[in-house]
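Take a look at the structure below.
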Amino acid sequence: MYWEKEKECMDRNDLDTLQLERLQSVVNRVGNRVPFYRSKFTEMNFDYEKINSLDDIRKLPFTTKQDLRDSYPYGLFAVPLREVVRLHSSSGTTGQATVVGYTQNDIKNWSDLVARVLTAAGVTADDVIQIAFGYGLFTGGFGLHYGAERLGASVIPISAGNTKRQIQIMQDFKTTALVCTPSYALNIADVLFDMGINPAGLSLKFGLFGAEPWSEAMRHEINTKLGIKATDNYGLSEVMGPGVAGECSECKGLHINEDHFFVEILDPDTLEPVQEGEVGELVITTLTKEAFPMIRYRTRDLTKFIPEPCPCGRTFKRMHRVLGRTDDMLIIKGVNVFPTQIESVLFNVDGTEPHYRIIVERENHQDKATIMVEVKESLFSDQMRKQRELIDTIRKQLSSELGIGVIVKLVEEKTLERFEGKGQRVIDKREL
Ligand code: DLL
């Protein structure tokens, strides 16, 4: 199923032509209208005529989160506020917030792109979609909402939180698709279990999850616990919000909406393209955004292209699920560790619950990583030997996956805080 088949399955040569035309146009627009880009182009002695092929994108400057902060609030807007119909903001866990804006036309495109992602996951106008992303300045709630309405589905704008009520509504309104972060989906699954509700009695079929990194093991856990088909979707507020890329029902990578976004995967140190299929930083140029165009935005997200064509028939390139962010990557004892690697190991060990924390400290100039993981209550009552065996198994598997030793602590079920939005599982106490 496709939302816009002629676009999603377009010939790659036609796509190249379209992307080039759109790239030339956006470069012209920002050069004329956004002082930030105008002065960058002048500094570089950049000539618009120089964009003759898609490879010429490499002549363009990058844009970073810091540039957005420095231009707070409206410095990077390419249209007068009169034409802006919506503002969103990314709160950001560190530093100043950033503001992004949309024209009427941007909202229309955004809705179509989200409708594509929903359709690719199997959702149709017949579905009842419960949107448990926060509504507000975060792009998740409204972004998915408009896309789901555009699709013609029945939308429940419940927002995040109040999990028991989420479940009540899910039962009463016969929700067929759940939309939230994967962390919140797990939280909902646990509460469902505590309430003694069998998911088989619900109408749920699909889960569309995104906004944070998650692992294949976590997908499996959610699918099993909720009896659904979970798909991954990706986006970021700086570039639009959700709708940048999403999985089709093959569940093997996310199709990037390439007619609206030009993507590069670059080595974050050299800023040169990586070899096809190698991991690097995703850099995105918006091709159609009017209010807030972005040239070569450095997302900090790490992924790789999946070169093989997808059996679904879409011709848009796929990206591998996001492995982590350059700024999420922990360097423990000199070794690069992504939280999702730890998650994959923990979720595959019998006896553990899918809730964990990673605590990194520095003691006597040495890094120390402690992994706290919840285990089933029965294991805590009297089985010291079993606990020791479990710790041993987890430690061995983690050390073979990560190449470093870590401390493993088992904690009782439900002792670690649960999440309603994006999960925060890493506590780095090192002062570097
Ligand atoms: O999280 C937009 C979004 C909302 C995407 C709902 C999907 C669903 P921000 O709050 O600006 O926007 O955060 C963007 O979240 O750079 C990634 O690091 C991370 N992220 C988003 N989707 C995924 C995903 C929204 N599917 C940042 N997998 C991005 C991994 C993701 N990380």
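The values are calculated or read from the model by the stated rules, or taken from the named source; none is laboratory data. Bear in mind the structure is a predicted one, so any value in this text is a computation, not a measurement. Backbone-built Cβ (ideal geometry, glycine too); neighbour counts: all protein chains shown. Only protein heavy atoms, including side chains, enter the accessible area calculation; ligands, DNA and RNA are left aside. Shrake-Rupley method; radii C 1.70, N 1.55, O 1.52, S 1.80 Å.
Quick notes on this structure:
- When region 279-295 is filtered for residues that are under 15 Å from V34 (Cα atoms) and charged (D, E, K, R), the ones remaining, listed by number, are K289, E290.
- Region 157-193, residues that are over 22 Å from E353 (Cβ atoms) and within 16 Å of the ligand (Cβ to nearest atom): P157, I158, S159, A177, V179
- Residue pairs whose Cβ atoms lie under 8 Å apart, sitting 6 or more positions apart in sequence or on different chains, and linking a residue in region 165-181 that is outside the structural domain of V117 (by TED's automatic domain parsing) to a partner that is in a loop (DSSP other than H, G, I, E, B) and at pLDDT below 95, do not occur here.
- Taking every residue in region 3-25 that is touching a residue at least 24 places away in the same chain (Cβ under 8 Å) and within 29 Å of V123 (Cα to Cα) and pairing it with any residue that is surrounded by 18 or more Cβ atoms within 10 Å (Cβ to Cβ) and of a type in the set (G, A, S), at least 6 positions away or on another chain, the pairs with Cβ-Cβ distances below 9 Å are W3/A115; W3/A120; E4/A115; E8/A120.
- Residue in region 268-276 that is within 16 Å of the ligand (Cβ to nearest atom), open to solvent by less than 10 Å² (accessible area, probe 1.4 Å) and touching a residue at least 40 places away in the same chain (Cβ under 8 Å) present: no
- For region 241-252, a residue qualifies if it is open to solvent by less than 10 Å² (accessible area, probe 1.4 Å) and under 14 Å from the mean Cα position of the chain (by Cα), and the qualifying residues are G241, G243, V244, A245, G246, E247.
- Here A97 clears all of (1) crowded, with 19+ Cβ neighbours inside 10 Å; (2) among the small types (G, A, S); (3) at pLDDT below 95 except the condition numbered (1).
- Residue match in region 71-89 (condition: open to solvent by 30 Å² or more (accessible area, probe 1.4 Å) and at positive phi): no
- Of all residues in region 310-331, those that are modelled with pLDDT of 95 or more and not in a strand (DSSP E or B) total 11.
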